[in-house]
Structure formats: structure tokens, C-alpha cells
Amino acid sequence: MDIKLDPSRDDLPLMANTSHMLVKHYVLDLDVDFGSRVIEGTIVLFFGDGNRFKKQTSSTQKTFQMESEEDCTFGTAEPCDVPEMDACTYSPQMGYSEFAVCGKGDQDAFNNDGNHDNREHDSEISSSKYCCDTENHGREDFLLVLDCCDLSVLKVEEVDVAAVPGLERFTKAPKLTATPEKLRREIVRDLVALPADGWREQLDCYTRCSQAPGCGELFFDTDNWSLQIRKTGAETAADFPHAIRIWYKTKPEGQSVTWTSDQSGRPCVYTMGSPINNRALFPCQEPPVAMSTWQATVRAAASFVVLMSGENSAKPTPLQEGCMSWYYYVTMPMPASTFTIAVGYWTEIKPKTSRSDDLVTERPLPLSKADFRYAETCSHVEYPCRFQNASAATQKIIPHRVFAPLCLEGACQEALLWLIPPCLSAAHSVLGTHPFSRLDILIVPANFPSLGMASPHIIFLSQSTLTGMSHLCGTRLCHEIAHAWFGLAIGARDWTEEWLSEGFATHLEDVFWAEAQQLPSQEALEQQELRASLRWHRLQDELRNSPEEMQVLRPNKEETGHVSASGASVVKHGLNPEKGFMQVHYLKGYFLLRFLARTLGKETYFSFLRKFVHLFHGQLILSQDFLQMLLESIPEDKRLGLSVENIVRDWLECSGIPKALREEREAEDSAPSGLAGRVCSEVAKWIRVNRRPRKRKRGKQEVAFEKLTADQIILLLEHLLEQKTLSPRTLQRLQQTYRLEEQDAEVRHRWCELVIKHKYTKAYEQVARFLQEDQAMGIYLYGELMVSEDARQQQLAHSCFELVKEHMDRASAQVVSEMLF
């Protein structure tokens, strides 16, 4: 069935039937063609058993693994002997769980919420190639469903892995008794199960298998959201090929990648965190439970640099004249949505004082067998884990590189390069072992729709972070570094629980940044209290201007984590373009964690957090897993009445502002102190200045204003935005006193709001510049310009949009267009 959705308001479907089969490894072999704006080539998928009944308790970490796919098959008349349970059925004894139910064709279908299962999908495909095979006595073939959108799929075939010589050294597959089909499946099953200390040999085997010849084309069809593949006679997932090759092309309009120009006007393409994730880049399994590894060979013209989520710092290999090949790999299983690629005229930016061969980084650590089993056994699936490496545990600063268009070299050297070592070191001091072995940082084009995005081994930063002093760059860098632990090494099992990623990163960015600056404890506390005041203002504004259903941190409530029997599900509000500009999950999640840390004591909280990271890295979690383990680690008499139930009720499943937060902020606002208190004194001065007549009385002294930090200036401007009127004279003096046009993008954004509100025409040019150069933050200003109903301001909005709309991020352009027209 071809699901028709309105992308302005609907949920995002995750179509892959992961309960049946799970991709364990992807091998991509791609060519990037900037002339046609197409990426084309092949992807080979290696499958393991589906997301069988696997249960782990947060306290004991016992794991129960379901029997093999051979023993429990899909598409049969009798259901398998597996207890039918929803992932939402949580108890302290269950902890973090992954469930699957098998039976004939997933009879549960999609529920009334719009979920759609494999059998219903199968029955409505119009192509005759999906009809029951008459030679198969009326029984249906198993249908593999992959997430796929805006791709031209050209061919699908089974890969003859049995034709690869030398695999018998690594597999237990019987050679004499097995049929060719079963032999191929057994080879892949053994390959994906190789022990972690054989990862190099495993990657080599994947490479050679991916180059093996095909042994039969497979029937396939596509619709708006998925690719469906079938093999005649393969009635169950156990019978289906476990290694398939797909030939495909992306489409220029595909939403997973953005074809644009960099700040130097040169062409580039990159993944920009699309709401549909990577399904328009390659066919994949999108549900987060589909944790896989990957390797990719990408060819592009010799003048381009290819950056990617990869453990290795790839070096280009010359091919035919004018063409280079780049190879990356990842051995830590991750959701396919975390795969990232960026191809452009990137220049590696190095410190001015360092020789080209002497970067300010630490060298990569070898994964020796002696180090590999250092720590106690981890709870995740087996992979070469840095938490088991003695040397990695003490590595404060991982190797890192910075890339950008050449025209931004000076800005990167001045604002970014020197911040990376202290920020990495600070993160290590708070949370311990870095989950990833290295880091690339790329300054992405101006159309990037946010200030930053973290993926395995690579961070994208907006050019907006390079302006002003180091504060915005440092805090944003800390935020993205925090995602290495929360969002990547530990992911949300249900994507609607974004707070498990963004709330943690927002809370940790303050802690990391204070540590990176080596602030004394009292200064660090004052800085964090000031940032709490700023976020309180933002949260109040956000809640005033957003629908209640989008203010809930756990919108699926008791159904959080629930999937259909096939493994398919939906991401609530996942296609709503406005959702990408909302910060509720960041802010409410931040305030919840801040509340817990203050209530239980920071030392207790962060000691627990390190234990939680050690226990849950490499896994997916729900909110209950974190809350249950936290409260179990606290003696009952010191929990101060906190329970999982009341935290979920008061913070996660309600809209608006939690009562505990409102009471705390009202107490703080009634008697502000520290950095925030000094801002209030300055606000009072500005209000008095604004009330004075133009001509100052003789002998009257000029008001002296205190020097303020960037965060203090932002809070000052927030307070001044509450004033009904500010005179042009006051605004001019405000601009001159703090040199606002030279401040970072956060400060300039608040300044632009003041300019628009009070129609300060002398600074309209600064608003126009902001809308063009700081696209990651300018969307809100378009709305302010239009609601003013001032002809000149509306003309300013239209003219700026006309200049940038061709290269603007698609979701951003849609939102702005709706504001303007």
C-alpha cells in the first residue's frame, strides 16, 4: 500500500520489518556526480536474525536471547512460541527491552494510529510479481521491507557469498550437506557473528563478499516510503537471502542530502539531518533497533574531499585521471540514521603555530588484544569497544581535524581550533572514556538549518558559531561533543523521546564548558545559573507559541517503544516542518536533569551518570531505564519522594511547565543574584535612560554601564524586549555600548528582535545580514517581520528570502514561505 502523508502535519513512518530480519552491515560503493546532482552505485546488505525477544534488566543486566531464525520462522500457519508483549509494558524487572512477535504475515497489521504492517502492505501492491506463486501451492513468499524514499532502484540481486574463496577460515558453514541457498545463508550468519577481536578480518570478508557475483535477481517494488523485495519460494525470513545487492541512484530533489554551494561559491553535498533521515540516500532499515556497522567507498572528482562517519581518517586513492576514491568504515553498531557524508572543496584547517605534521592532537590508539579485554564485559552486542580498552580510558583528547572552505580558515583558527582540546578533555573528566576514537569537525554551508549536528566521528558546525567571542562556539562544541555519549553511544529506542539525547546534551554542555574554562566552583555555578535564566525565558516563549501536543517529552505515553509485529512504527510529528525549530525537548529535558541533579546532589548525580554510561553504552534506552537506575542507586530515605511514576507524570507526559520548575524559577526570579542579579541592575539603568528627556540637565552625570558577558547581554536584551517602547536614542546607545553588531549570533539575534519590535530603521541592514548569513537562527525573525504589518519590514523579509531561497534548507524554506505568502 502506498501511504500518502501530508508532510506538514503527519507522523513519519518507519516501514522496515525489523522483527523479521536485521541488517548487520552495509557495504556502499558510490559515485558522486555534481553535474547531475546524483549519487549512484550499489549497496550490499548483510542480514542477521530479526529483532527477536531480547530482554535486559537495568539492575542485573541479564540477557535472554531467543532461538535462531531457523527455529522460529515467519509466514507459517502456527505462531512461534514467543510471549506477545508490547515494549511499552514496562516494569522495574524488565528494564530496557526489545520485543518481536512472529506469526503468519503479522496479522496484527497496523493499528488505528496509522501503523501499517507487512501483510497489509503486501496485499495492496498492484504489481503481479507479488501475487502468490501457483507452484508454491498458494502460499505467500516472505516480503522484505526496507525504508526508502526518493531513490531510483535499478536492480536487486542475491549475492553469491559462497563463491568467495577463503571464507572457510572464518565460518562454520557445512560444505557438503547444505543446499547452495542454505550454505550462503550460513556463511553470512557466521560472518556477522565473528568475535570483535577479529574485526579487521571481518571487514575484509565483507569487502570480498560485496564484490562476489550475483546468483539471481530478486523481485522488487517501491512506493513513497519503502522498497519491498521478494524471492520466489522463500516463504520465511529464514529462507530469504542473507546478502543482497541493490543498484540505485539518488534523486536531485531527495531530502536526505543537500546539494548547494559553500561559502566560497563552490559546489558541495552533505547530509543535513533531514526529518526522513537517510532513506533518500540509501535503502536501509530506519528503526533505531536496526543497529548496524558499515563501510563505504566513495568516488568523486580529484578536487573534492569526502568526509564521512568513519573510524579511520581516510586518505584518497587516485583512480583514473581526475578521480579519487575514499574509504571509511565503522565497527560500532549504530542506527542507519547516524550515517553522515559531506563532499566538497573542504580544506583541513591547522593551527598557525603547528607544522603540518605536528597537529595539536593525540595519536590514534591501537586496538591490541592485550588492551581489548581490560574492563568487565560490556552489556551491548559484541564490537571493538573503547570502554574495554585500558589506553582509551585515559585518553583525554582524541585525535581531531577541522575542515572548512578555505575562506573560513582565519575564523576557524581564531574561534575554533584552540577550543577543541580543552572541550574534549572536559568531557572526559565528566563522563570518562570517549566512545569514539577520533573526530572530524566540518564548518558546513550557510544553509545548514541548525547550529550543529553530531554523528559518529564527525560534527557539523554552523558558520554562525565562528562569530563574536569564543562563548557560542565553545558551548555549541560542548553540546555536540556530549552527543557522543547521549544520542550516539546511548540512543533512544523510541525517537519521540528526543529529550534523552537533546536534554542530556543541553545539560552537559554547561558542565563541560565550565570545566573547559577551568572556572572555580562558585564562578561555574553562577555561569550555570545565568544560563538557566536564559533557558527559562526561552522555554516560556516556546510554550506560549506551540501547540500543547508538541510540548510533551513522551508523547506516546504508555505506548512509547511500541512497534507492530513486523517491527514497523511511526515517529509522532516526525514530518511536521515546524518541529525542527522547536526546543521543547532540549529545554524541558535540560530542566528535568537540572532538577534531578540539584535534588539528589551534583556529586551523587554525576557519579551515577558515569556508571550509567558504562552500563548502557552501545545500547538503546527508554526514559524508564534511566530513571529506574537513577532511583535504584539512591537509598530510599534520600530520594525525597521521587519515583519513576511521579517524574513521568509531572515532567514527561504533561504539556506546559512542571510545578516543581515553576516554583523554583519563581523563587529565583524574586531575588536574582550573581551574574543574573547584575543584569537586573543594568536593566534598571537602561529603563531609566529610556525615560529621560533628550536633553540632559547640566551637571547630571552620564550613566555608567557595567561590562557584561555574552550571556549577560542576551539576558539584558530579553528583559528589554519586555519593554513596550524603546526610543531610537536608547537603541543607538545600546548598540554602541555593547558593540552589538560584533557580538556572537545569539546576541545579534536578540538585537535583531529589538530592532524589529521598535522599528529601528538604522539597523535594518544588520537584520538583513543576519537573515542571509545566520540561516540556522533566522527563521523566527521572518515571522516577526511579517506580523508587524509594517510595509518596510515585510519588504525586507521578502527581499532577503528572495536572495537565499534557492539554497535554503528545504524545511526552512517551506516554513518561511508559509509565513510570507
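A few comments on the model shown:
- Residue match in region 792-808 (condition: more than 25 Å from T271 (Cα to Cα) and either touching a residue at least 60 places away in the same chain (Cβ under 8 Å) or touching a Gly at 6+ places or on another chain (Cβ under 7 Å) (or both)): no
- Only one entry in G474, G468, G432 is at positive phi, open to solvent by less than 10 Å² (accessible area, probe 1.4 Å) and either out of contact with any helix residue (DSSP H, G or I) (no Cβ under 9 Å at 6 or more places or on another chain) or not acidic (D, E) (or both), namely G432.
- Scanning region 777-807 for residues that are within 24 Å of T258 (Cα to Cα), open to solvent by 20 Å² or more (accessible area, probe 1.4 Å) and either of a type in the set (A, V, I, L, M, F, W, C) or touching a Lys or Arg at 6+ places or on another chain (Cβ under 6 Å) (or both) yields M777, L803.
- Taking the conditions (1) under 26 Å from K762 (Cα atoms); (2) surrounded by 11 or more Cβ atoms within 10 Å (Cβ to Cβ) in turn, A660 satisfies each one other than (1).
- Residue that is at positive phi and under 15 Å from the mean Cα position of the chain (by Cα), where the choices are G487, G491: G487
Conditions (1) out of contact with any helix residue (DSSP H, G or I) (no Cβ under 9 Å at 6 or more places or on another chain); (2) farther than 30 Å from A290 by Cβ; (3) among the charged types (D, E, K, R), marked per residue:
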| residue | (1), (2), (3) |
| --- | --- |
| T560 | no, no, no |
| A565 | no, no, no |
| V584 | no, no, no |
| L592 | no, no, no |
| F606 | no, yes, no |
| I621 | no, no, no |
| E653 | no, no, yes |
| G656 | no, yes, no |
| A660 | no, yes, no |
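- Conditions (1) assigned by the TED database to the domain that holds Y383; (2) within 19 Å of the chain's Cα centre (by Cα): number failed by H573: (1)
- Here the helices (runs of 4 or more DSSP H) wholly within region 666-775 that include at least 1 residues being over 38 Å from the mean Cα position of the chain (by Cα), outside the structural domain of S470 (by the TED database) and at pLDDT 95 or above are 674-691, 728-738.
- Breaking point among (1) crowded, with 18+ Cβ neighbours inside 10 Å; (2) within 26 Å of the chain's Cα centre (by Cα), for P241: (2)
- Residue check for G567: over 24 Å from D669 (Cβ atoms), touching a Gly at 6+ places or on another chain (Cβ under 8 Å) and in contact (Cβ under 8 Å) with a residue 60 or more places away in the chain: yes
- Counted residues, region 613-656 - those being of a type in the set (G, A, S) and under 26 Å from M332 (Cα atoms): 2
- Residues of region 361-368 include none that is basic (K, R) and modelled with pLDDT of 85 or more.
- Odd one out for A163, checked against (1) in contact (Cβ under 8 Å) with a residue 60 or more places away in the chain; (2) open to solvent by 20 Å² or more (accessible area, probe 1.4 Å); (3) small (G, A, S): (1)
- Within region 241-270, the residues that satisfy the criterion of being farther than 12 Å from F282 by Cβ and hydroxyl-bearing (S, T, Y) are T258, T260, S261, S264, Y270.
- Number of the exception - M550 against (1) closer than 15 Å to Y590 by Cβ; (2) in contact with a His (Cβ under 7 Å, 6 or more places away or on another chain); (3) surrounded by fewer than 23 Cβ atoms within 10 Å (Cβ to Cβ): (1)
- Within region 518-545, the residues that satisfy the criterion of being surrounded by 15 or more Cβ atoms within 10 Å (Cβ to Cβ) and of a type in the set (S, T, N, Q) are Q527, Q528, S533.
- Of all residues in region 516-536, those that are under 17 Å from E718 (Cβ atoms) have Cβ atoms under 8 Å from Cβ atoms of residues that are among the polar types (S, T, N, Q) and open to solvent by less than 20 Å² (accessible area, probe 1.4 Å), 6 or more apart or on another chain, in L530/Q712; R535/T506.
- Pairs where the first residue, in region 724-735, is of a type in the set (D, E, K, R) and the second is outside any loop (DSSP other than H, G, I, E, B), C-beta under 9 Å, 6+ apart: R729/V689; R729/N690; R733/W686; R733/V689
- Where a residue in region 199-224 is more than 18 Å from Y248 (Cα to Cα) and modelled with pLDDT of 95 or more and its partner, wherever it lies, is among the small types (G, A, S) and open to solvent by less than 50 Å² (accessible area, probe 1.4 Å), with Cβ under 7 Å and at least six apart: C209/A243
- Residues of region 18-29 that turn out to be in contact with a Gly (Cβ under 9 Å, 6 or more places away or on another chain) and open to solvent by 10 Å² or more (accessible area, probe 1.4 Å), as a count: 3
- If you go through region 760-773 and keep only what is open to solvent by less than 60 Å² (accessible area, probe 1.4 Å) and in contact with a Cys (Cβ under 9 Å, 6 or more places away or on another chain), you end up with A763, Q766, V767, A768, F770, L771.
- Residue under evaluation R748, criteria (1) open to solvent by less than 60 Å² (accessible area, probe 1.4 Å); (2) touching a residue at least 60 places away in the same chain (Cβ under 8 Å); (3) out of contact with any Gly (no Cβ under 9 Å at 6 or more places or on another chain), criterion not met: (3)
- Residues of region 312-330 that turn out to be more than 14 Å from V27 (Cα to Cα) and open to solvent by 40 Å² or more (accessible area, probe 1.4 Å), as a count: 10
- Among the residues of region 295-337, those that are within 30 Å of V570 (Cα to Cα) and either assigned by the TED database to the domain that holds G487 or part of a loop (DSSP other than H, G, I, E, B) (or both) comprise S309, G310.
- Condition met for I458 (out of contact with any helix residue (DSSP H, G or I) (no Cβ under 6 Å at 6 or more places or on another chain), of a type outside the set (D, E, K, R), farther than 27 Å from I714 by Cα and crowded, with 21+ Cβ neighbours inside 10 Å): yes
- Flag if Q736 is more than 30 Å from L600 (Cα to Cα) and open to solvent by 90 Å² or more (accessible area, probe 1.4 Å): yes
- Strands (runs of 3 or more DSSP E) wholly inside region 197-294 containing at least 3 residues that are within 21 Å of V44 (Cα to Cα): 214-217, 219-222, 226-230, 243-250
The values are calculated or read from the model by the stated rules, or taken from the named source; none is laboratory data. Quick caveat: nothing in here was measured; it's all calculated off a predicted structure. All Cβ positions, glycine included, derive from the backbone under ideal geometry; neighbour counts span all protein chains shown. Note: areas computed on protein heavy atoms with side chains; ligands, DNA, RNA excluded. Shrake-Rupley method; radii C 1.70, N 1.55, O 1.52, S 1.80 Å.
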